[in-house]
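Participant: Before we start, here is the structure in question, set down as structure tokens.
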Amino acid sequence: MKFGFLFGAGAEIGYGLPSGGQFALDIFRYDTTQSKEKFKEMRDKVDKSYPYAANWLPDNFDTRNISSFGKSVFQNIIKDTVEHNRRKIVEELNAFDEVAKVQVAKMQKMGVDIDHIFQKVIGRDVDNVNMSSSVKFIDEFKQGNGLFGNSYFSALLLAYKKKTSFYGEQRNELGKIILSIIQLQVGALSEELTRKINDSLFSRKDDEIDIFDDIGEIIQLNYSASGLSGMEYLLEQREADINTDISCILRFAQMIIEDIYGAVMDYKSLIDANWHYLYSPHSDWAKFCKICIFLLTVQEYITEQAKTIDITAKTDGYYHVLKKAVDNNEYEISAIATTNYNKFIAEILECEIAYLNGSTEIWYDPYLNRLGTLAELETEENHILVPLMFTQSGTKPMTSIDMSIRYVRTYNEWKVSDAIVVVGFSFGTDDEHINGILRTLIDIEDKKMFVVTLEHGENEEDIIKMVAGKLKVSKNRNIKIVQVDKNGKVCGTGISWSEAIKSL
């Protein structure tokens, strides 16, 4: 059997790397000092005797100020998060206890019994607390009332209410967290209602009267009050100690709000809104600097995170399991692709990897629209380069001949496979450049796709329908699901996912 492989972010979580919104939170907390220095070094090396410096860069570029993204970009991130993830936010907050229970387990590992602490502070067991009768949204927002029926959110409210137990700055911090959670819920509910009203102002109208089409959006949401305070708190917070009951409750609340924002935050608007400034440094020098420094910061952060990972220790990780299967000649591989940016997938598998979203080792020259290593992109003019990442948000790098070749080669190699195995990939709307390849293989080329996913108690047929819906494919029969536990073992069998795909 010959398999093609695609690895997404989920394949690396087991190695100890952050993903999704947590990744974004860490990026915005990260110190940009070194990234600014790297940018200055590239800027200072530019040879000013060439047209590159004279025509593409602004006058006196070598003495102009440089800056990175500040708090002003946070509102756009919250706007994008609330706009695109509004339903996910409501679902996440209505299932507050599920998020909280994960943090309860983490605190137990820290030697803290948070349930016992709540019992001492509020005078009753957490399971015996429910604020849904005491606090309710208006009818238009009743979909979000599930938040108040959660025991742990109710316990946080009661702890805040106990002024004799919770007081001073720690009480103020807890209040900020609770308020931020409610604001995020209200923001998501308001966005849903705003869209409903703006999309259909009239219950009935005459389509021949075209002035009705010019009314436009009547209601605008105040995004600055829709979760911005929570994000600002997370970026500025200092972890509470766990040496007193009230500090333990505060730390518990901090962990929960970080987990919630990490699950729902959508930062692609930052890239979408600023990527094109890579091509206009002459007229937009400040914004050019900001997007360059941001990408350098992302590269530095990912590289530093990877250094903390001992890739030899996680022998049951997805990459190691695949390496063992290949070494044992269990099956043949056509091509391996990834949407991740780390290089250790190549170090473990010891083969060529197609980095479909760029990587820490791939650089981009905006001036020439060219990809390559630093050595490959070296020129006499010494251009300012950026790490190639987040290409799904920047259309121009996708037109680079190097990237086009990479996608075509991967497609052709997967095309001659018996099946494509997808591990830890979410088939999101921002991944349409990859979804399109998979869609063509499944529907047009009639290829099988095996999706390896963590088991969450869902029916296999429901997962197939969900994946098919995201991919917009009609041949559901070509999609097979392999549900595994956190150790990569197929649920109920004890065999590894690599063995299971052979039987499929």
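The values are calculated or read from the model by the stated rules, or taken from the named source; none is laboratory data. Not measured: the values here are computed from a predicted model. Because the Cβ atoms are built from the backbone with ideal geometry, glycine has one as well, and the counts that use them run over all protein chains shown. Surface accessibility is based on the protein's heavy atoms, side chains included, excluding ligands, DNA and RNA. Shrake-Rupley method; radii C 1.70, N 1.55, O 1.52, S 1.80 Å.
Participant: For a quick check: with amide H placed at 1.01 Å from N, whose amide H comes under 5 Å from Ile362's, ignoring anything fewer than 5 positions away on the same chain?
Facilitator: HN-HN under 5 Å from Ile362: Leu388.
Participant: Relative contact order for the chain: what percent, with Cα pairs under 8 Å and sequence separation of 6 or more?
Facilitator: 23 percent
Participant: Work out from phi, with θ = phi - 60° and the Karplus expression 6.51 cos²θ - 1.76 cosθ + 1.60, the ³J(HN,Hα) of each residue of the stretch 307-320, listed in order in whole Hz, and give x for Gly and Pro.
Facilitator: Calculated HN-Hα couplings, in order: 5, 7, 9, 8, 5, 7, 7, 8, 6, 9, x, 4, 5, 5 Hz.
Participant: Out of Ser68, Asn55, Phe39, whose Cα points farthest toward the positive end of the dipole of the stretch 29-102 (charges: +1 Lys, Arg; -1 Asp, Glu; placed on Cβ)?
Facilitator: The one lying farthest along the dipole's positive direction is Asn55.
Participant: Then there is this: So, with +1 on the Cβ of K and R and -1 on the Cβ of D and E, and no other charges, what is the size of the charge dipole of the stretch 311-401 about its Cα centre, to the nearest 20 debye?
Facilitator: Dipole magnitude for the stretch 311-401 comes out near 360 debye.
Participant: Let me ask another. Charges only on Cβ, +1 for Lys and Arg, -1 for Asp and Glu: so what's the dipole of the stretch 377-467 about the Cα centre, in debye to the nearest 20?
Facilitator: Using Cβ point charges on Lys, Arg, Asp and Glu, the stretch 377-467 gives about 220 debye.
Participant: Something else now. Work from the charge dipole of the chain (Cβ charges, +1 for Lys and Arg, -1 for Asp and Glu, about the Cα centre) and give the residue of Leu228, Ile77, Ser334 farthest towards its positive end.
Facilitator: Leu228
Participant: Amide H to amide H under 5 Å from Ala419: which residues, 5+ apart in sequence or cross-chain, H placed 1.01 Å off N in plane?
Facilitator: Lys2, Gly4
Participant: Per residue Cα convex hull volume for the stretch 39-82, in cubic angstrom?
Facilitator: 105 Å³
Participant: Right, here's the next one. For the stretch 482-494, just list the computed ³J(HN,Hα) in residue order, Karplus coefficients 6.51, -1.76 and 1.60, θ = phi - 60°, integers in Hz, with x standing in for Gly and Pro.
Facilitator: 10, 8, 10, 8, 5, 9, x, 9, 5, 4, x, 10, x
Participant: With point charges of +1 on the Cβ of Lys and Arg and -1 on the Cβ of Asp and Glu, referenced to the Cα centre of the chain, which listed residue (Phe3, Val490, Thr429) lies farthest in the positive direction of the dipole?
Facilitator: Val490
Participant: Follow-up. Pull out the extension gain between Ala375 and Met1, defined as 0.36 nm times the separation in residues minus the alpha carbon to alpha carbon distance; nm, one decimal.
Facilitator: Extra length available between Ala375 and Met1 comes to 130.8 nm.
Participant: Got a sec? What order do Arg64, Arg477 fall in by accessible area at 1.4 Å, biggest, i.e. largest, first?
Facilitator: Correct descending sequence by accessible area is Arg477, Arg64.
Participant: Could you give me the ³J(HN,Hα) list for the stretch 242-252, computed from phi with Karplus coefficients 6.51, -1.76, 1.60 and θ = phi - 60°, whole Hz, x at Gly and Pro?
Facilitator: Result, ordered by residue: 10, 9, 9, 4, 6, 5, 5, 5, 5, 5, 4 Hz.
Participant: Students sometimes get this wrong: rank Met231, Met110 by accessible area, probe 1.4 Å, all chains present, largest first.
Facilitator: Heavy-atom accessible area, descending, gives Met110, Met231.
Participant: Follow-up question, since we're still on this one. For the chain, give the magnitude of the charge dipole about the Cα centre (Cβ charges: +1 Lys/Arg, -1 Asp/Glu; no others), in debye to the nearest 20.
Facilitator: Using Cβ point charges on Lys, Arg, Asp and Glu, the chain gives about 800 debye.
Participant: What is the set of long-range amide H partners of Phe427 at a cut-off below 5 Å, with H atoms built 1.01 Å from backbone N?
Facilitator: none
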